[in-house]
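Q: Quick one: structure below, then a few questions.
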């Protein structure tokens, strides 16, 4: 690792005109994942010696880059960063019959449609990472983006989710987006990802499927199994020695290749290496994954044979592979791996059947909601993420606020006359101690004739101090009581979870309620004064 300060490193990077196109690169992350600044610059200079401006213009003049041997040779040799964006846009225009440019032009409209009125700074972890993980850190352990870049990444993930809502598990997508944002603008990145998914989903000719992006874990796992079979099939004596060693120390080889492929080798290659792999993958697809697994394991064969603890295999191979400085040698080794129908079975599988994952996937929906006077947009989205799947597909409209509609239960009950009774609602209470809680009920507040009723659905919600959603005990029948003098929600042995008065001024929370949680306020007797009260219609 280099010893320069972040300030000096940033100054040196930014002094290199046209190398880094976007403003989304984290200088600190680059510094931490680059062997040295000199190494990074030397790699770029060596690529530019081969790919001069004249050579690049010659390649770009070809009618179709997909059919150009010059393009394939250029990408295999390595594309300088200053040319990569232009090359990738043309490549995807040739693949998609100019639909890539169309998506760039339509980007702002699509963004408005998908994101609605949301500020991406409020998303927190409420984002469809499309990788089976619930946090950005889990989905993208190596992240080269700065804070602005992360926001752009999250926006594209929501837009990607809108392209194909059946994506359950496709861990490579988030890595591709993060890397493309370093090279391209946000609209260009989205256009490339859009076309990758659309082409991969719709083309029925197997020979035209380039990337084999799969949308659930089992289908992605098939790639790993195929890589293991392929490597074992073509391995010579020394190659089989590596597999035998893994078996002897009781380490499953598939675990290593899954870590490599699902992480798009970002834990195994330096920044220069990952960016060199990117266009290689975008041109040659899944074949590049086979080849890179082969090249890394073959290069580190002697190091691997010295690892005897199965728990340290991945960690040590990651460390050693990051130390590989001769990228030309590594990539030439990868290109030397001959792939055929016999040892690359996965590349010749059938196209995706579009609706095959629809019943297995959690839904992601970005709701529209009226600005709350009680909770922030971030808290609203965080709460929404914890709702059951069917509720997350609804929007929230503020229909009652005492400062506007009056401080009385009579005004609350009038809502049932103005709207359909069986309309879902969410109510929120903020106490004078800044505690925030409430509940979701599958019908509006309405007089219940002096007895408790059990709505079809009901959940207790807490927002402050912590965002949580609780389900009522299945045995409980005493969920909601609405009378002229008060409302009780979630009754239990010691009383309701939430009680509030006719004039919406004070209330009480009791433990041992039907939501099986402690009282919601800090006051010893469970009493609270209402500072703010809201009711939302869920549609």
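Q: Post the alpha-carbon centroid distance, region 394-434 to region 91-157, in whole angstrom.
A: 35
Q: Set the Förster radius R0 to 56 Å, insert the Cβ-Cβ distance between residue 493 and residue 308 as r into 1/(1 + (r/R0)^6), and round the FRET efficiency to 0.05. Let's see the in-between values first.
A: On the way: r = 59 Å, r/R0 = 1.05.
Here the calculated transfer efficiency is 0.45.
Q: Going by Cα centres, region 305-329 and region 363-386 are how many Å apart?
A: 44
Q: Report, largest value first, the span of the C-alpha coordinates of region 445-508 along each principal axis, in whole Å.
A: Cα extents, longest axis first: 31, 29, 22 Å.
Q: Specify whether the C-alpha gyration tensor of region 6-208 places it in the rounded, prolate or oblate class, a ≥ b ≥ c being the square roots of the eigenvalues: rounded for a/c under 1.5, otherwise prolate if a/b is larger than b/c and oblate if not.
A: Numbers: a/c = 1.88, a/b = 1.12, b/c = 1.68.
It is oblate, given that a/c is not under 1.5 and a/b is not larger than b/c.
Q: From the Cα gyration tensor of region 217-348, with a ≥ b ≥ c the square roots of its eigenvalues, which class applies: rounded if a/c is under 1.5, or else prolate if a/b is larger than b/c, or else oblate? Please list the in-between numbers first.
A: Working: a/c = 1.42, a/b = 1.12, b/c = 1.27.
Rounded, because the longest to shortest axis ratio a/c is under 1.5.
Q: Oh, and also: Order of 29-36, 523-530, 328-335, 512-519 by packing, highest average Cβ count within 10 Å first? If you can, show how the numbers build up before the last one.
A: Details: 29-36: 18.6, 523-530: 15.0, 328-335: 16.8, 512-519: 20.2.
Listed from highest to lowest mean packing, they are 512-519, 29-36, 328-335, 523-530.
Q: Give the Kirkwood hydrodynamic radius (Å, one decimal) of region 377-538, defined as one over the mean of 1/r across all pairs of different Cα atoms. Walk me through the numbers before you get to the answer.
A: Numbers: mean 1/r = 0.0642 Å⁻¹.
About 15.6 Å for region 377-538.
Q: Determine the distance separating the Cα centre of region 248-272 from the Cα centre of region 54-88; give it in Å without decimals.
A: Region 248-272 and region 54-88 have Cα centres spaced 29 Å from each other.
Q: Sticking with this structure for a sec: Can you say what percent of the DSSP beta bridges in the chain, counting only those with both residues inside, are antiparallel? Round to 5. List each step's numbers first, then the result.
A: On the way: 44 of 45 bridges.
Bridges in the chain are about 100 percent antiparallel.
Q: Need one number: nm distance between label points at residue 527 and residue 411, each 7 Å from Cα along Cα→Cβ, rounded to one decimal.
A: A separation of 2.4 nm, rounded to one decimal place.
Q: On to the next question. In percent, how large is the relative contact order of the chain, given Cα pairs closer than 8 Å and 6 or more residues apart? Write down the numbers at each step before the final one.
A: On the way: 851 pairs, mean separation 61.9, N = 539.
The value is 11 percent.
Q: Now, a different point. Which of rounded, prolate or oblate describes the chain when judged by the alpha-carbon gyration tensor and an a/c cut-off of 1.5? Present the calculation step by step, with values, prior to reporting the outcome.
A: Working: a/c = 2.36, a/b = 2.12, b/c = 1.11.
The shape class here is prolate.
Q: In nm, to one decimal, how far is the residue 66 label point from the residue 121 one, both placed 7 Å along Cα→Cβ?
A: Reported label-point gap for residue 66 and residue 121 is 4.3 nm.
Q: Applying a 10 Å radius around every beta-carbon, put 180-187, 463-470 in order of their mean neighbour count, most first. Kindly include the intermediate steps, with their values, before the conclusion.
A: Numbers: 180-187: 23.2, 463-470: 16.0.
Averaged packing, sorted descending, gives the order 180-187, 463-470.
Q: How high is the relative contact order of region 377-538, given as a whole-number percent (alpha carbon pairs under 8 Å, six or more residues apart)? Present the calculation step by step, with values, prior to reporting the outcome.
A: On the way: 359 pairs, mean separation 41.5, N = 162.
It rounds to 26 percent for region 377-538.
The numbers here are math on the coordinates, done by the rules we state, and not lab data. Since this is a predicted model, take the numbers as computed values, not measurements. Cβ coordinates were reconstructed from backbone atoms using ideal geometry, including for glycine residues, and neighbour counts include every protein chain displayed.
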